[in-house]
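Peer 1: Before I ask anything, let me first share the structure, which is written out below as C-alpha cells.
All of the numbers you see were taken from the coordinates with simple rules; none came from a lab. Keep in mind it's a predicted model, so treat the numbers as computed, not measured. In this analysis, Cβ positions are derived from the backbone assuming ideal geometry, glycine residues included, and neighbour counts consider all displayed protein chains.
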Amino acid sequence: MADHLIHFYILTTSSPNPFVLGLGLALSDASAMGFRMKKLVVRKMELGPIGTNAYLLWEEGGCESVLIDAPPDCADEIEPILEKHDLSLQEIWLTHGHWDHMAGASDLVRDGVKVLGHKADRTLFEQPAVMSGFAMPGMDFKPVGITRWIEEGDELDLWGRSVSIFHCPGHCPGNVIFWVKDEAICFVGDVIFSGSVGRADLPGGDFSVLEHSIREKVYALPTETVIMPGHGPDTTVEIERQSNPFVRP
C-alpha cells in the first residue's frame, strides 16, 4: 500500500523548482497583506481493491480536514489518521461517481459532513448497483447522499485558498477536477494520469469528449501545476503536454 505524506513547504531538490518558487511568491504576497496561510498537508493513500488514490487534506496545526475521493473501505485508513492528528472530517469531495472513488464515502458520513459531487453522476451516487457489471465481484455498494451539487465555475474555500472546479467529462459524465491555484496542485480523478488517460469505454465514456476536457481544461492550467490523479504517481501539466501519447496539446 502506497502512503505518502506531502508537505508543500518543503524543498526536496537542490535545483530551483518552479512549483515551490511560485508558492513562495504567493506566500510572500499574502504576508505583505498581513495574512499568512498555515502549511497545507496532503496525505496521499492508495486504497481499495484496484489501488485508487485518496487524498486527505488539512492545515498543519488545524483541526479540520477534507477528503478527496473515498475508495471502498477507506474508513479503515482514514479514521486512525483523523484520530492521530486530532482532526474532524468536514467534507468529502468526489471527483466522479465510479465505484472505486465513492464506495467508501457512506462509511465516513456523519452529522455535518458534507459530500460534494457533480449532478451528471447522480445515478451512480444514488444507485451504485448499476455499476455491478464492471466492479469487483461480490461488492456491496451503498448509496451516497450528495449534500452539494457542484459544477463548472464554482469556487470552494480550502482554509483561505480558492479551489476552482472544472467539469471534465469523457471518462465519466460527472468527472470534475479541483484546482488549488495557491498551491499549484490539481486533483483530477481519472481524467488524466502520468503518461496515460482515463478509460473511455465504460458507460458514459467518450474519448473525443475526454480529449476536449484534457486539452481545454487540464492543459490550460499553468505548466508547473502538479497533477494528482486517481491512480498512479503524480505528474505535472508540463510533462503531460510534452509527452502524454494519448492526448497532444
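Peer 1: Could you pull out which residues in the range 102-135 have an amide N less than 12 Å from a spot 7 Å beyond the Cα of ARG148, following the Cα-Cβ vector?
Peer 2: 113-117
Peer 1: Along the three principal axes, how long is the range 22-162 when you take its alpha carbons, biggest first, rounded to the nearest angstrom?
Peer 2: 55, 35, 30
Peer 1: Reachable aspartates and glutamates from LYS84, Cα under 17 Å, same-chain residues fewer than 8 places away excluded?
Peer 2: ASP3, GLU59, GLU60, GLU64, ASP76
Peer 1: Compute from the Cα atoms of the range 134-173 the Rg and the Dmax, the latter being the longest Cα-Cα distance, and quote both in angstrom.
Peer 2: Using the Cα atoms of the range 134-173, the pair Rg, Dmax is 15.0, 42 Å.
Peer 1: Treating the beta-carbon of each Lys and Arg as +1 and of each Asp and Glu as -1, no other charges, what is the dipole magnitude of the chain about its Cα centre, to the nearest 20 debye?
Peer 2: 420 debye
Peer 1: Largest first and to the nearest Å, give the Cα extent of the range 205-249 along each principal axis.
Peer 2: Taking max minus min along each principal axis of the Cα atoms, the range 205-249 gives 26, 21, 17 Å.
Peer 1: When only C-alpha pairs under 8 Å and at least 6 residues apart count, what is the relative contact order of the range 70-210, in percent?
Peer 2: After rounding, I find 19 percent.
Peer 1: Taking 0.36 nm per residue of sequence separation and subtracting the Cα-Cα distance, how much length would be gained by fully extending the chain between LYS181 and GLU224, in nm to one decimal?
Peer 2: Gain on stretching LYS181 to GLU224: 14.4 nm.
Peer 1: Now, a different point. Based on alpha-carbon centroids, what's the gap between the range 63-103 and the range 201-249 in Å, whole number please?
Peer 2: Rounded to whole Å, the Cα centres lie 24 Å apart.
Peer 1: List LEU82, LEU57 from most exposed to least, where exposure is judged by having the fewest other Cβ atoms within 10 Å.
Peer 2: The fewest-first ordering by Cβ neighbours comes to LEU82, LEU57.
Peer 1: Which lysines have a Cα less than 28 Å from the Cα of LYS181, not counting those fewer than 8 places away in the same chain?
Peer 2: Cross-link targets: LYS38, LYS39, LYS44, LYS114, LYS119, LYS217.
Peer 1: Using a basic spin-label model with each label point 7 Å from the Cα along Cα→Cβ, how many nm lie between PHE246 and ARG122?
Peer 2: About 2.9 nm separates the two model spin labels.
Peer 1: If you bin every alpha carbon distance in the chain into 10 Å steps from zero, what whole percent lands in each bin?
Peer 2: The distribution over the chain is 7, 32, 38, 19, 3, 0, given as percents.
Peer 1: Just the projected area, averaged over all directions, of the convex hull on the alpha carbon atoms of the range 105-249: how many nm²?
Peer 2: The Cα convex hull of the range 105-249, projected and averaged over all directions, gives 9.1 nm².
Peer 1: At 0.36 nm per residue, minus the direct Cα-Cα distance, what do ASP107 and ARG199 gain on full extension? Give it in nm, one decimal, please.
Peer 2: 30.4 nm
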